[in-house]
1. Rounded to two decimals, what is Rg over Rh for the stretch B:176-328 when you use alpha-carbon atoms and the Kirkwood radius?
2. Counting Lys +1, Arg +1, Asp -1, Glu -1, what net charge surrounds A:ILE285 among other residues with beta carbon under 14 Å of its beta carbon?
3. Got a number for carbon plus sulfur as a percent of the stretch A:123-243's accessible area, 1.4 Å probe?
4. At a cut-off of 10 Å², which residues of the stretch A:156-203 become less accessible once all protein chains are present than in their chain alone, using a 1.4 Å probe?
5. For peptide B:342-352, what's the mean number of Cβ atoms from other chains within 10 Å of each residue's Cβ?
6. Ignore the peptide's own chain and count Cβ atoms of other chains within 10 Å of each Cβ in B:230-239; give me the average, rounded.
7. Carbon and sulfur together cover what percent of the accessible area of the stretch B:176-328 at a 1.4 Å probe radius?
8. For the stretch B:111-172, what is the per residue volume of the convex hull drawn over the alpha-carbon atoms, in cubic angstrom?
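The values are calculated or read from the model by the stated rules, or taken from the named source; none is laboratory data. This is a predicted model, so every value here is computed, not measured. Please note: Cβ atoms are built from the backbone with ideal geometry, for glycine as well, and neighbour counts cover all protein chains shown. Heavy atoms of the whole protein, side chains included, go into the accessibility calculation; ligands, DNA and RNA do not. Shrake-Rupley method; radii C 1.70, N 1.55, O 1.52, S 1.80 Å.
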Amino acid sequence: MSSSTSDPRFSAAGPPRRPLRLSWGDERLRGIVWQLLVVGLVVSVFWWLWSNTVHNLEVRRIATGFGFLQREAGLPIGESLIPYTPADTYLRALTVGVLNTLKVAVIGIILATILGTLVGIARLSHNWLLSKLAAFYVEVIRDLPLLLQLLFWYTILQGLPGPRQALNPAEGVFLSNRGMKLPFIEWTSVHWLALLAMVVGIVLTWLYARVARAKQYADGQPRKVWPAGVALIIGLPLAVWAALGAPFTPDIPALRGFNFQGGITVSPEFFALLIGLVTYTAGFIAEIVRAGIQSVNQGQWEAAEALGLRRGDILRKIVLPQALRVIVPPMTSQYLNLTKNSSLAVAIGYQDIVSIANTTLNQTGQAIEGIAIIMLVYLTISLSISLFMNWYNARIALVER
Amino acid sequence: MSDITLNTAVSRVPGDASAPREAPIRTTGAVAWARQNLFGSWLSTAVTLLLGYLIVRWSIGIVEWAFLNAIWEVPVVNGQAQTQACREIKGIGACWAVITEKHRFILFGTYPFEEHWRPALVCVLFVCLYVVSAMRRFWNWTLVPIWLVTLTVIGVLMWGGILGLSYVPQERWGGLPITLILSTFGLAFAFPLAILVALGRRSKLPAIKMLCVLYVELIRGVPLISLLFMASVMFPLFLPEGMNIDKLLRAQVAITLFAGAYLAEVVRGGLQALPRGQYEAADALGLSYWQKTGLIILPQALRLVIPPLVNTFIGFFKDTSLVLIIGIFDLLTAGKTAIVEPAWQGFGIEVYITVGLIYLCFCFAMSKYSQGLERDLNRHRRR
C-alpha cells in the first residue's frame, strides 16, 4: 500500500517543473512572450486613445470631473418617485432616472414572468387552438425589433381620444392620450404601516415554513403552512390597519376642466414602454418555460402518480423543482435583457437614466462622465441581478454525490 | 359458487348479447381530431369556444380596417398629398396611401431617386449572399471569396464614382440597405473577433484570459444604446485631431464590438461542449495549437453551435434598429421620418406595420432556417 501512495504518478505535485529554456520550442516561454505582446498592444492602444482624449479635451476646453453633479439641473422631469423640481441638482435628476429605470424593470420583470409562464404553458396545452395561438404569438413577437414595437404602442396610445372623450373600460378607469387613470385610495401613514406589517408577515411565514420543514424531517409528519401564512401575510396587515382606525377614502379620478384629477396616473410613455417590454420579453420567457417543462422526463410524472401524489403535488414537488434547474439560468439572462432593453425608453420619451444622462451630457458637454454614469448604473444593476440569480440557482441546483 | 355465477348470468337481460352494440368512438378523421384536440374536456371546450369567438371577431375587425375600409391612394395637388379622406376614416380604416406615396423613401431613404435601382440591387445581392451562405454545400473556404467579392460589389454600387456610376456620398444612403449593411458587415467582422475572444477565454495564459473575460463581461453588462452613444459622442474625442470617421462607420464599430462579445459566448459554449478526447487526440498527433484549433476543434465546435448562432444573428438584425436613437438613417428611422411631414402625421400605425413586415420576413426566414438546421444536425443523435 505504502509503495503505491509514494508512486510519483499519484503525487499531487504533478510532473516536476522543467527549468525555463531560452528557446522558441519552450511552451512556457512562448506563453509569456505572447501574453506580453497582447497586453503591450492593448495597453498601447488604450494609452494612445487616452492621450488623444486628454489633448482633445484641452483643445476644446472641456473640464473633466464630476463637479457638474452639484450644479442646478434645470431640466423638467415628468414622473418621479421622489420629490423633484428643475431647481434640484444633476445628481438628484440622475437619481430620479435610476429610480425610473428600476421601476419599469421591476414591474416589467414581474409581469413578463407571469405572462411568459402562462404563454409557455398554453403552448403545451392539449387544446390545439390555444397552443397554436401561443406559438403564433411567440413567433411574431420575437421576430420584430423591440424598438419598433415600442414606437408602435406609443403611437397607438397617442392616437387615443383626449381626456374629454376618454375611454372608460371599467368603473373609475380612464384611458386617454394623457395616459391611464386608475382609482386608488388616499395613501396615509397607516397604509405604510400595514405594508410594513405585510413584509413582517412574509418573513414570519418563511421562518415558520422552515421550522415546519425541520419538524417534518424529524418525525415525518407533514404540517400545513398555508393557514398560518394567510393569517400572517393577509391577516396581520388587516389587523394593523383596523387597529389604527381603518382609514379608507377612495380616490377616484374625475374629469375637471381639461384633465383628470385624483387617482393614480400611468403616463403614456411608461405604459407604452411597459407593454412593449413585457410582451416582448414574455415571448422569450414562454420558450424557456416550455423547454423547461418538456425537459422533465415523462417517467417522473408516471412515477409520482404511482406514488399516489395528486396532480398539484406532482407539479409542485416533482416536476417544477427539476424544470427550474433548466429554466433559471436562461431566465436570468432574460431579466438582464429586459433591464438593459428598458434603455430604449429614450426613444419614446420616458425619462429613465439613459434619457436623463443624455440630456445632462447635452446640456453640460460632459460626454465622458455622462456615458460613464450610464454604464456604471447598468453594470451595477446587471451584476446585482446575476449575483442574486446565481445564488438562487445554486440553491435549487441538483445536489449530486 | 356455481349458484352465484348462475344468478349473475340469469340477472342479465335476455337477448342482450345478440343486441347490436354501439360502434366504438371514431379515432380517425376530422371529427375525431376535433373531439380530441378542441373539445377534449369541458375546460377545453370552453377555451375553444372563447378563443374561436375572439379570433373571428378580431379577424373581421382587422380585415375591415386593413382592406375593406382602407384607402390605397390619395390625390396629390401641387406636390401636396390631400389626406383629408384618410383623416376622416381614422380608426375605421387604414390609410395605405402613406405607403403608396412613401415606399421608395422608406426603403431607400434620401438616395437620389433616379439611382434607386442601385440600393435595390444591393438588397437583392445581400439576400442572395444570405441564401448562398445558408446552403450547406458552400460551408467551406469558397464562402470567403464569395463574401469578399459580393461585399466589394455592394460597396461599389452604393458609393459609385467608378464604372460610370455617379458618386453618392454616405450621408445620402438610407433605409433597408443601411439595415442590411450594419447587420451584415457587423457580423462579418464580429465573428472572427468572437472566435479569437472565445479561444482567449479558454486559454491557459492568465493575462489573455483576463482580458477576454473583461471585454465580454463589460460589453454584456451594458445596453447597446450606451455603446452607440459612446460611438456618436465620445468616439470623436478618442481620435487625434483632424482625423474624422463618419457616423455610420462609428456605429458599425460599436455594433461589431457588441456582437463580438455575445457571439464569443456562443462560440465558447461550442468549445466547452466538445469532448476532451478531441483536444487530447490532437495533442497526441503532435499538432501545434493553431493546427489543433483550426483543423480539429473549430470545425466541430462551430457546427455544434450553428443554431444558437443563427438566433444571435436574428437578435443583431433586430438590434441594428437602435441606431435610430443616434440618428442614423436605417429602415426604422426612414419609416419614422416618412410621417414627420405634416400631411402624413398620425399615420404611424400603417408605416410601422409595413416596416415590421419587412423585419418579420427576414427574421422569420432565419428562424425557420435555424429550426430546420437544428433538426438536420441533430439527426444522428436521435434514435
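1. 1.04
2. Net of charged neighbours comes to +2.
3. Heavy-atom surface of the stretch A:123-243 belonging to carbon and sulfur, 1.4 Å probe: 70 percent.
4. Checking the loss per residue gives A:ILE156.
5. Mean partner-chain Cβ count within 10 Å for B:342-352: 3.
6. 5
7. Ligands and nucleic acids excluded, carbon and sulfur reach 67 percent.
8. In the stretch B:111-172, the Cα convex hull volume per residue is 80 Å³.
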